[in-house]
Amino acid sequence: MKPATAAKKLGVYLEATPEEFQAGVVSRDELNELQANPPRWLADLRSNGPHPKQLIAQKLGISTSGLVRAGITEALTTEQINALKEENPDWLVRERATYKEFKAEEARLAEKARLEEAEAE
């Protein structure tokens, strides 16, 4: 698989991976080995970052769209994410509320669909 796909599956920011990882191709067996026995560089990236936007959003409890609205387009380190959490700016409070509402509506619609499906049986 392409390095970008492997990085996504590993939950790391591709541009922060070693050059040989970015330039190569990762087999399914290699990916499984990286997941089972992460090398030092992978463990460090997972722990300290920089992190991809999906993981940043997850750690902040917001959507990736919320990151864009806040003007965050670059990868952030764990330290930077923790500083944002501690600072808790107004935009983060708003985005968390928006995301919570979205997830609640998503759950409501899923439950409605489940009930309709059960009635149809």
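Points to keep in mind about this one:
- Region 33-60 - residue that is among the small types (Gly, Ala, Ser) and over 10 Å from the mean Cα position of the chain (by Cα) and, of those, least open to solvent (accessible area, probe 1.4 Å): Gly49
- Boolean, Thr17 is of a type in the set (S, T, N, Q) and within 20 Å of Glu74 (Cβ to Cβ): yes
- Note on region 70-99: residues that are open to solvent by 80 Å² or more (accessible area, probe 1.4 Å) and either of a type in the set (Val, Ile, Thr) or at pLDDT below 95 (or both) total 2.
- Members of region 8-32 found to be open to solvent by less than 40 Å² (accessible area, probe 1.4 Å) and in contact (Cβ under 8 Å) with a residue 24 or more places away in the chain, listed by number: Leu10, Gly11, Val12, Ala16, Thr17, Val26, Leu31
- All positions within region 105-121 that are exposed (fewer than 10 other Cβ atoms within 10 Å of the Cβ) and of a type in the set (Gly, Ala, Ser): Ala118, Ala120
The values are calculated or read from the model by the stated rules, or taken from the named source; none is laboratory data. Remember, predicted model here, so these are calculated numbers, not experimental data. When we count neighbours, we look across all protein chains shown, and the Cβ atoms used for this are built from the backbone with ideal geometry, even at glycine. Keep in mind that these areas ignore ligands, DNA and RNA; they rest on the heavy atoms of the full protein, side chains included. Shrake-Rupley method; radii C 1.70, N 1.55, O 1.52, S 1.80 Å.
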